[in-house]
Amino acid sequence: MNQKRWLTVLGIFLLAVVMIAAGCGGPAEEHADEPVEEAEDTNGEEAPREAASLMLGGSDSEVNVVARLAEEYMNDNPHVSIAVTGGGSGVGISSLIDGDIDVANSSRPMRDTEEDAIRDNHGEEPYAVRFAVDGVAVLVNDANPIETLTVDQVGAIYRGEITNWSEVGGNDQEITLYGRQSTSGTYVFFMELVVQGEYSERKRNMAGTSDIVEAVIGDMGGIGYAAIGYADEDGVKALKIAAEEGSEAYDPTVLENVTSGDYPLTRPLYQYMAGKPEGALLDYLLFEVSDAGQSIVLEEGFYPITEADREFNKKALD
């Protein structure tokens, strides 16, 4: 073999070695044992999708509906694992700031100081998505004859200024106050919009929304507040609430009353992220606000987002 031909063969051999190394070595080997799912590519062929794991935590009002949404999403996307925990909106936001979770479920808007903490800790802007609409229900025992209250009356009850049901047209019975702990977004929402001051020291602070519902079921004189998704339990009823004396009272269990904003205790439900969502997280959030996701929101007792909410979501989802 002459020298020129020998050099050509050697070059082909070295090229083959380089191509094999590029296909089998490097960072790809680090993920060789990770599970993957097949996804259809643009040619109709199956291509692998990387496994992903998401942690969502926070609002106790949101925990059940988010868990259901996550479950349905994972059924169609088994390569994605989503864990959902409660504990309160404040707990969720703190966990997001600390980097312990990917999404903070919050039934209240994030405070300026919390947004600043996201920027300081992560070097990223906070992003938010509204995925459901809630009418915070004022609940009483089903045997209580009261059907309607004004926002001012409910506030006076929770400030401790009204202590007997007879003062608002009910039975001569002491009112027992049930509410959430200060880490709850609903605690903050209710205090700012309804109580407009300090809660009565007589209020019994419950660990979770379901605890409030159970307490009112077992207490003829009880009153509590809860996300609308908890208002369909046997033994409690949601009161019709009027914005002020002499105005029409609205039932929060009627969809149009809440989505129109006529029910005075209406609020959006939020999810917060550190940085613009992408990948599996973005895909999951898009599922939540899709027709399929919004159907699940309705099934869980909450209401679909409005056009204003969809406009709000564009910053994070577009």
State whether the residues of the range 106-124 include one that is under 15 Å from Y272 (Cβ atoms), in the same structural domain as L69 (by TED's automatic domain parsing), part of a strand (DSSP E or B) and in contact (Cβ under 8 Å) with a residue 24 or more places away in the chain. yes
Which pairs have Cβ atoms under 8 Å, sit 6 or more apart or on different chains, and link a residue in the range 189-215 that is among the aromatic types (F, W, Y) to one that is surrounded by fewer than 15 Cβ atoms within 10 Å (Cβ to Cβ)? none
Please determine whether any residue of the range 236-252 is in contact (Cβ under 8 Å) with a residue 12 or more places away in the chain, of a type in the set (K, R) and in a loop (DSSP other than H, G, I, E, B). no
Restricted to the range 93-105 and to residues being touching a Phe, Trp or Tyr at 6+ places or on another chain (Cβ under 9 Å) and not in a strand (DSSP E or B), the residue nearest to D309 (Cα to Cα) is I93
Quick one: R267 ticks every box in (1) surrounded by 20 or more Cβ atoms within 10 Å (Cβ to Cβ); (2) of a type in the set (K, R); (3) out of contact with any Ser or Thr (no Cβ under 8 Å at 6 or more places or on another chain) bar one, so which box is it? (3)
Verdict on Y263 being assigned to a loop (DSSP other than H, G, I, E, B), out of contact with any strand residue (DSSP E or B) (no Cβ under 6 Å at 6 or more places or on another chain) and over 18 Å from A143 (Cα atoms): no
Every residue from the range 284-318 that is of a type in the set (G, A, S) and either surrounded by fewer than 13 Cβ atoms within 10 Å (Cβ to Cβ) or in a helix (DSSP H, G or I) (or both): S290, A292, G293, S295, A308, A316
Report whether or not E278 is in the same structural domain as V66 (by TED's automatic domain parsing), more than 20 Å from V188 (Cβ to Cβ), of a type outside the set (K, R) and free of Cβ contacts under 8 Å to residues at least 60 places away in the same chain. yes
Looking at Y158, Y178, can you tell me which residue is assigned to a strand (DSSP E or B), within 25 Å of G58 (Cβ to Cβ) and among the hydroxyl-bearing types (S, T, Y)? Y178
Going through the range 190-219 in order, the residues found to be more than 16 Å from G86 (Cβ to Cβ) and of a type in the set (G, A, S) are G197, S200, A215, G218
Take the range 94-122 and flag every residue that is among the acidic types (D, E) and in contact with a strand residue (DSSP E or B) (Cβ under 6 Å, 6 or more places away or on another chain). D102, E115
Quickly run through the range 267-287 and pick out the residues that are over 22 Å from E256 (Cβ atoms) and within 12 Å of the chain's Cα centre (by Cα). Y270, Q271, Y272, M273, L285
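So that you can scan it fast, the table gives a plain yes or no per residue for (1) modelled with pLDDT of 95 or more; (2) within 30 Å of L54 (Cα to Cα); (3) not charged (D, E, K, R):
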residue	(1), (2), (3)
G208	no, yes, yes
I212	yes, yes, yes
G218	yes, no, yes
G235	yes, no, yes
S260	no, no, yes
T266	yes, yes, yes
Y272	yes, yes, yes
L298	yes, yes, yes
Y303	yes, yes, yes
L281: in contact with a strand residue (DSSP E or B) (Cβ under 8 Å, 6 or more places away or on another chain), among the aliphatic types (A, V, I, L, M) and either closer than 19 Å to R108 by Cβ or part of a loop (DSSP other than H, G, I, E, B) (or both), yes or no? no
Where in the range 29-92 are there strands (runs of 3 or more DSSP E), lying fully within it, with 2 or more residues that are surrounded by fewer than 20 Cβ atoms within 10 Å (Cβ to Cβ) and at pLDDT 95 or above? 52-58, 80-85
Could you check how many residues of the range 209-259 are under 24 Å from the mean Cα position of the chain (by Cα), within 23 Å of Y270 (Cβ to Cβ) and of a type in the set (A, V, I, L, M)? 9
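The values are calculated or read from the model by the stated rules, or taken from the named source; none is laboratory data. Quantities reported herein were computed from a predicted structural model and do not represent experimental measurements. Cβ sites come from the backbone with ideal geometry, for glycine too, and all protein chains shown count toward neighbours.
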